[in-house]
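Have a look at the structure below before the remarks.
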Amino acid sequence: MFWKRLWGKTAADLIRLYMLAVYRPRKTGFRPPEGPVIYVSNHINHLDGMLLLAALRKLRPCALVARDWFEKPVYRPICEAANCLAVSRQGLDTSWLHAAREKMAAGSSVIIFPEGHTNHGGGMDAFKPGFAMLAALTGAPVVPVWHDRCRAFHRTELRFGGEETVGRAMTAAALGAEGERFRGLVGALGEEKGR
């Protein structure tokens, strides 16, 4: 067990340094939050989680990661050391919701990719409403984040929007509407880059 934790911590630290050195994230519009927030971002590739964890490292956020990564013996210790939470992409698994609420109660912010999968096509798919449910349950603000693709030895821009509140209604229609609203907010941040 000791060796797995040591491996996980060492690998997570090396990946964090790699992300900072090779992808050099630049945070535009970022304002340090006064308390825990929920960051929602587009999901271009598998580096996104580690990129945001590295860029926001001083806040010690946690990130939701597909459960399949936790099921791979080599990656599980890295995910745990990097402060990731497992979430199932299929079914109605809500265990992540309880774990995220505990992290937020302890002061951590949470990074969520509401598309639920990587999207290499350039656009964004519909946002799943889990982030809105977490916001409604905790009262935490939600911050939209857009980033361009990670290209080695080029600056990767992370564009942050302002803190937004989510309504307390927990109906499927209300949560779905919040998903669409935040998909639009993240998309608008991407459009700002093109201007």
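Working carefully through the options LEU189, LEU158, LEU175, find the one that is part of a strand (DSSP E or B) and of a type in the set (A, V, I, L, M, F, W, C).
LEU158
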- Output for the range 77-132, where each listed residue is touching a Gly at 6+ places or on another chain (Cβ under 7 Å), of a type in the set (D, E, K, R) and more than 18 Å from LEU175 (Cα to Cα): GLU80
- Note on the structure: Filtering the range 138-151 down to residues that are out of contact with any Phe, Trp or Tyr (no Cβ under 6 Å at 6 or more places or on another chain), closer than 19 Å to ASN119 by Cα and surrounded by fewer than 23 Cβ atoms within 10 Å (Cβ to Cβ) yields ASP148, ARG149, ARG151
- Under the condition of being under 18 Å from LYS128 (Cα atoms) and touching a residue at least 24 places away in the same chain (Cβ under 8 Å), which residue from the range 152-171 is surrounded by the most Cβ atoms within 10 Å (Cβ to Cβ)? VAL166
- Which residue out of ALA173, ALA132, ALA126, ALA188 is of a type in the set (Gly, Ala, Ser) and closer than 18 Å to ALA63 by Cα? ALA132
- From the list ALA135, ALA140, which one is touching a strand residue (DSSP E or B) at 6+ places or on another chain (Cβ under 8 Å), small (Gly, Ala, Ser), within 18 Å of LEU175 (Cα to Cα) and in a loop (DSSP other than H, G, I, E, B)? ALA140
- Query: Hey, among LYS103, LYS72, which residue is within 21 Å of PRO32 (Cα to Cα), surrounded by fewer than 21 Cβ atoms within 10 Å (Cβ to Cβ) and of a type in the set (D, E, K, R)?
  - Reply: LYS103
- Task: Please identify the pairs in which a residue from the range 107-118 that is in contact (Cβ under 8 Å) with a residue 40 or more places away in the chain and buried (at least 19 other Cβ atoms within 10 Å of the Cβ) has its Cβ atom under 9 Å from the Cβ atom of a residue that is of a type in the set (Val, Ile, Thr) and assigned to a loop (DSSP other than H, G, I, E, B), counting only partners at least 6 apart or on another chain.
- Result: SER109/VAL37; VAL110/VAL37
- Message: Residues that are under 17 Å from PHE131 (Cβ atoms), at pLDDT below 95 and outside any helix (DSSP H, G or I): does the range 65-79 have at least one?
- Response: yes
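The values are calculated or read from the model by the stated rules, or taken from the named source; none is laboratory data. Not measured: the values here are computed from a predicted model. Don't worry about glycine lacking a Cβ; one is built from the backbone with ideal geometry, like all the others, and counts go over all protein chains shown.
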